[in-house]
Amino acid sequence: MHQYSGSFSSSDWLSAACLLLLPDPPFPEAGREFGQRGKAVDSRNHFQATDNTLLKHLSCIALCYSEVAGALKVWNMAATETQFMLSVGLIEKDVNGDTLWVWCFPSVSSDLRQVLLSKCCLTQDSRDFHTFVFGQFCRTWYYITTVEVQEPTALNKVTHFSIVVTAKDFNPEKYAALSRILCGMYIKHGSPVKMMEAYVTVLTKGICQSDENGSFLIKDYDARKAFLAGSVKDVVSQFGLETIILYTALMLKKRIIVHHPRIEALLEFTRVLPTLTWHRKDWSILHPYVHLTDTELEDLKKCPGYVAGFVDPEVSNRSDLFDVYVNLPDSAITVSQSAKEAMAMGKLHKDVGLLIVQSAEDAERSDSQVIKDLSVKTKEILANLAALADECEDSKITLESLKQHHFPPATENFLFHLAAAEQLLRI
């Protein structure tokens, strides 16, 4: 595995001291996990001069904050612009075929690290090579970019490596762009030092530059653009009028499982589904890349409703995990027996379904316009629901109050379950 080395001068010691003496250090766990070959090290307790690797990394962080007052000023700016970024890590595969987590800044939990290793294609038995994957675990988004090392480079003992960025926000395009720059730096210099300097610069200034991959400006990547990056028209093209099943499940905050053997197809499809309930703008329901492990399923089950993607076909037998099952290769949607009552369709659903299909099939309308058309209809439904709630005691709907309006059975049933999802139902 690649070895990192460096020296530590007296000025570096002073800079490191300034960083560690900050009243509220910007990186409370700075230095943890700077050991080699995946061994965690805590820099606050291990300042041996012989540990050149650890001290060199500490100096690189500290030099960014050589003046305490300046550090605090920079950190305040970063808190408003780059508060979503959490960590950056490095996974390597060497010439012997060993794959190890070799470096991280500032740290990740042991559970998250194991999940990240399982998502990295370098640790998987199959020969499939995935240049970029993303997902969510324990409310932390992860973005993994994998590169094959082409000789000659400074990484003469490494065949592949992955950059792992964790963050609080959903924005695949943003973190893919940042990771490309970090990958270029690592290939060029063969050390995480320059890579970490670039990461810290983004963390503090919202920008970094490289000779090979241009510049990265965090302000260029708006959250709304990330939400709209997928194609709802493609979803409707594949499922037609049955898209109303997905819409209904999302409106009622049901559990949707999507299966496809190719992770790229899974990521592309699942990221679109939250746009069907645009009024919520809630991508926390998205878990696009899940394995059938106890750790991941336990985390998934904490969510009352979700969109979860699986490459393992065995998930089709796990009826305890879904209300709606989407088989992407076969373009088939199945509603579980336990969810059929809540998901019963009527005239209202048909009207909404036709609106979605007609809007999506209009060549003159963009994806964002289709989403807007559906959002207008959704807001109309929610406004009517709110009006019904206002008529009731404590503005909470009951089944009895709904029956007084003599809605068709399917509409009454849908409004009842929608009121529960929107917390407008009296319990």
Task: Ordering of 242-252, 149-159 by burial proxy (mean other Cβ atoms within 10 Å per residue, highest first) - done: 242-252, 149-159
Open item on the list: Per residue of region 304-314, what does 6.51 cos²θ - 1.76 cosθ + 1.60 with θ = phi - 60° give for ³J(HN,Hα)? Whole Hz please, x for Gly and Pro, Karplus curve as stated.
Closed with: x, x, 7, 10, 10, x, 9, 8, 7, x, 4
TODO: Sort the following peptides by mean Cβ neighbour count (other Cβ atoms within 10 Å, averaged over residues), highest first: 381-387, 142-148, 301-307.
DONE: 142-148, 301-307, 381-387
- [ ] Step through the table entries LYS174/LYS254; LYS174/LYS302; LYS168/LYS340; LYS302/LYS340; LYS119/LYS219; LYS302/LYS347, compare each Cα-Cα distance with 26 Å, and write down the pairs that go over it.
- [x] LYS174/LYS254; LYS174/LYS302; LYS168/LYS340; LYS119/LYS219; LYS302/LYS347
- [ ] Note down the nm distance, to one decimal, between modelled labels 7 Å out along Cα→Cβ at GLU298 and at SER109.
- [x] 1.0
Open item on the list: Explain nothing, just compute: Karplus ³J(HN,Hα) = 6.51 cos²θ - 1.76 cosθ + 1.60, θ = phi - 60°, for every residue of region 422-427 in order, whole Hz, x for Gly and Pro.
Closed with: 8, 6, 10, 9, 6, 8
Open item on the list: Which one, LEU266, THR248, VAL235, projects farthest toward the positive side of the charge dipole computed for region 215-322 from Cβ point charges (K/R +1, D/E -1)?
Closed with: THR248
Task: Distance in nm between pseudo-label sites at GLU341 and HIS406 (7 Å out along the Cβ direction from Cα) - done: 2.6
- [ ] Compute, for GLU341, the solvent-accessible surface of its heavy atoms (probe 1.4 Å) with the complete set of protein chains present, and express it in square angstrom to the nearest 10.
- [x] 130
Task: Protection proxy ranking of 370-379, 328-337 - average other beta-carbon atoms within 10 Å, highest first - done: 370-379, 328-337
TODO: Classify region 293-397 as rounded, prolate or oblate, taking a ≥ b ≥ c as the square roots of the eigenvalues of its Cα gyration tensor: rounded when a/c is under 1.5, otherwise prolate if a/b is larger than b/c and oblate if not.
DONE: oblate
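The values are calculated or read from the model by the stated rules, or taken from the named source; none is laboratory data. Note that the structure is predicted; figures quoted are calculated from it, not measured. So basically every Cβ, Gly included, is an ideal-geometry build from the backbone, and we count neighbours across all protein chains shown. Accessible surface areas use protein heavy atoms only, side chains included; no ligands, DNA or RNA. Shrake-Rupley method; radii C 1.70, N 1.55, O 1.52, S 1.80 Å.
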